[in-house]
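Asks: The structure's right below; bear with me while I get my questions together.
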Amino acid sequence: MDDTLPDSVESRRVETDRLTTKVLVSGDPDGTPLCLVHGNVSSSRFWAGLMADLPDDYWVLAPDLRGYGDSETKPVDATRGVQDYTEDLAALFAEVGVEAVALVGWSIGGGIAMQYAIDYPETLTELVLVSTMSPYGFGGTTRDGTPCQPDYAGTGGGLADDEFVERLAEGDVTAEADASPRSVMHAFYVGPDHEFASETADAYVEAMCATAVGDGNYPGDAVPSDNWPGVAPGERGVLNAISPKYFDASGLATIEPQPPVLWVRGDADQIVSDTSFFDAGYLGQIGELPDWPGDDVYPPQPMNDQTRDVLEAYAANGGSYSEETFTDVGHSPHIERPEQFRSVLLEFLGS
């Protein structure tokens, strides 16, 4: 058990017919179920601070996804998008007796939450998207979800930074290189003004380094492409699962029934934005990827515009959503502004 966890947060292991899942738990088991889904290269540990501050009348579950944290490492079939993850969640809920749940997804977890809403809409009471990836996948699409290249080149496992992947696999917890997990966390997981408490930062970096690395997990495999930038998604692993080749959650707009949706993001997010430093189109535009074919062929992906478009369509179809933008906050509103995030979340759930 992580001895840095708050006293009110417990770590458990839950066996399902799909995998062994490590779950952080807090609150009253007879309370309102609330599930928190973490993002890429992280784990449930990134939710522990929020869990400790939530009222006891919620029963809060924060699982480690397959291949992350202390959950069982099983491969991800990217050709199914993120449905390996949504089916894992459904199995977890069935095992612990949750029939209806408020689901919160952060980053890639937001994509998983959207897909879960499509697959199991009748089980959701509320849907909260935190710094969520676009409903049209990560990278390589124009605003309406049209792929920039026919083979979705520029998305998937081949776009990961090789040095970061190597250091992650080695469990490098130092900050001696720009591509170390600690340096990446400080540079991209939060805004430029955020300062971590040292013990918390250590726990987060250790959680990052518990990510399973390989073709079946993070980042996934890749295939060469004749289209810019020369690499296309393979069929295995995390980054391929969120490639627009396999992931499309725009169907969220037409689900029935329609739980209320809250979208929370930071205006200084460098991972999910209309100018993402992890998007091939934007990297080409600013000269970080050579031979960029230009805006008319491969523009930066307008991630936030795409999310807003789908949520507006959701509202036009009778659903409701609200958007909360945190000023001077990066990719992790729940970590950077915990009191503000808690207040917004509880007000939404209480409404």
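Asks: Of the residues Leu19, Leu34, which single one is under 16 Å from Asp57 (Cα atoms), of a type in the set (A, V, I, L, M, F, W, C) and either open to solvent by less than 10 Å² (accessible area, probe 1.4 Å) or more than 23 Å from the chain's Cα centre (by Cα) (or both)?
Replies: Leu34 is the lone residue from the list that is under 16 Å from Asp57 (Cα atoms), of a type in the set (A, V, I, L, M, F, W, C) and either open to solvent by less than 10 Å² (accessible area, probe 1.4 Å) or more than 23 Å from the chain's Cα centre (by Cα) (or both).
Asks: Please give the number of the condition Asp296 fails out of (1) touching a residue at least 12 places away in the same chain (Cβ under 8 Å); (2) surrounded by fewer than 22 Cβ atoms within 10 Å (Cβ to Cβ); (3) not in a helix (DSSP H, G or I).
Replies: Of everything listed in (1) touching a residue at least 12 places away in the same chain (Cβ under 8 Å); (2) surrounded by fewer than 22 Cβ atoms within 10 Å (Cβ to Cβ); (3) not in a helix (DSSP H, G or I), Asp296 misses just condition (1).
Asks: Hey, another quick one. Within region 200-218, take every residue that is touching a Gly at 6+ places or on another chain (Cβ under 9 Å) and among the hydroxyl-bearing types (Ser, Thr, Tyr) and give me the one that is farthest from Val165 (Cα to Cα).
Replies: In this case the residue turns out to be Thr200.
Asks: Please work out which one of (1) of a type in the set (Ser, Thr, Tyr); (2) more than 29 Å from Arg308 (Cβ to Cβ); (3) open to solvent by 20 Å² or more (accessible area, probe 1.4 Å) is the condition Tyr136 fails and give its number.
Replies: (2)
Asks: Right, next: Can you pull out every residue in region 87-133 that is open to solvent by 10 Å² or more (accessible area, probe 1.4 Å), of a type outside the set (A, V, I, L, M) and not in a helix (DSSP H, G or I)?
Replies: If the condition is that a residue be open to solvent by 10 Å² or more (accessible area, probe 1.4 Å), of a type outside the set (A, V, I, L, M) and not in a helix (DSSP H, G or I), then Gly97, Glu99, Ser107, Tyr120, Thr125, Glu126 are the ones that fit.
Asks: Those residues that are in contact with a strand residue (DSSP E or B) (Cβ under 7 Å, 6 or more places away or on another chain) and open to solvent by less than 10 Å² (accessible area, probe 1.4 Å), I need them from region 231-258; list them, please.
Replies: Of everything in region 231-258, those that are in contact with a strand residue (DSSP E or B) (Cβ under 7 Å, 6 or more places away or on another chain) and open to solvent by less than 10 Å² (accessible area, probe 1.4 Å) turn out to be Ala232, Pro233, Gly234, Gly237, Val238, Asn240, Ser243.
Asks: Now for a separate question. Pick from Ala169, Ala210: which is closer than 24 Å to Phe46 by Cα, in contact (Cβ under 8 Å) with a residue 24 or more places away in the chain and open to solvent by 50 Å² or more (accessible area, probe 1.4 Å)?
Replies: Of the residues listed, the single one that is closer than 24 Å to Phe46 by Cα, in contact (Cβ under 8 Å) with a residue 24 or more places away in the chain and open to solvent by 50 Å² or more (accessible area, probe 1.4 Å) is Ala169.
Asks: To continue, here is another question. From the list Gly287, Gly330, Gly318, exactly one residue is without any contact (Cβ under 8 Å) to a residue 12 or more places away in the chain and either over 29 Å from Val184 (Cβ atoms) or outside any helix (DSSP H, G or I) (or both). Which is it?
Replies: Just one listed residue meets the conditions, Gly287.
Asks: So, of the residues in region 140-166 that are in a loop (DSSP other than H, G, I, E, B) and under 13 Å from Tyr218 (Cα atoms), which turns out to be most open to solvent (accessible area, probe 1.4 Å)?
Replies: Result: Asp161.
Asks: Something else: Working carefully through the options Asp53, Asp2, Asp88, Asp28, find the one that is over 25 Å from Glu347 (Cα atoms) and at pLDDT 95 or above.
Replies: Working: Asp53 fails: over 25 Å from Glu347 (Cα atoms); Asp2 fails: at pLDDT 95 or above; Asp28 fails: over 25 Å from Glu347 (Cα atoms).
When all the criteria are applied, what remains is Asp88.
Asks: Quick one: how many residues across region 48-86 are assigned to a helix (DSSP H, G or I), open to solvent by 30 Å² or more (accessible area, probe 1.4 Å) and touching a residue at least 60 places away in the same chain (Cβ under 8 Å)?
Replies: The total comes to 4.
Asks: What residue, of Ala94, Ala117, Ala78, is farther than 27 Å from His186 by Cα, in contact with a Lys or Arg (Cβ under 7 Å, 6 or more places away or on another chain) and of a type in the set (Gly, Ala, Ser)? Reasoning before the result, please.
Replies: Values: Ala94 fails: in contact with a Lys or Arg (Cβ under 7 Å, 6 or more places away or on another chain); Ala117 fails: in contact with a Lys or Arg (Cβ under 7 Å, 6 or more places away or on another chain).
Exactly one of Ala94, Ala117, Ala78 is farther than 27 Å from His186 by Cα, in contact with a Lys or Arg (Cβ under 7 Å, 6 or more places away or on another chain) and of a type in the set (Gly, Ala, Ser), namely Ala78.
Asks: I'd like to verify a number: residues in region 30-47 that are assigned to a loop (DSSP other than H, G, I, E, B) and not small (Gly, Ala, Ser), how many? Explain how you work it out, then say what you get.
Replies: In the first step, residues of region 30-47 are kept if they are assigned to a loop (DSSP other than H, G, I, E, B); the result is 30-31, 38-43.
Narrowing the set further to residues that are not small (Gly, Ala, Ser) leaves 30, 38, 40-41.
Here the count works out to 4.
Asks: So, in region 145-165, of the ones that are of a type in the set (Asp, Glu) and more than 21 Å from the chain's Cα centre (by Cα), which residue ends up nearest to Val76 (Cα to Cα)?
Replies: Among those that are of a type in the set (Asp, Glu) and more than 21 Å from the chain's Cα centre (by Cα), it is Asp151.
The values are calculated or read from the model by the stated rules, or taken from the named source; none is laboratory data. Since the structure is predicted, the reported quantities are computational estimates derived from the model, not experimental observations. Note that we place each Cβ from the backbone using ideal geometry, even for glycine, and neighbour counts take in every protein chain shown. All accessible areas refer to the heavy atoms of the entire protein, side chains included, with ligands and DNA or RNA removed. Shrake-Rupley method; radii C 1.70, N 1.55, O 1.52, S 1.80 Å.
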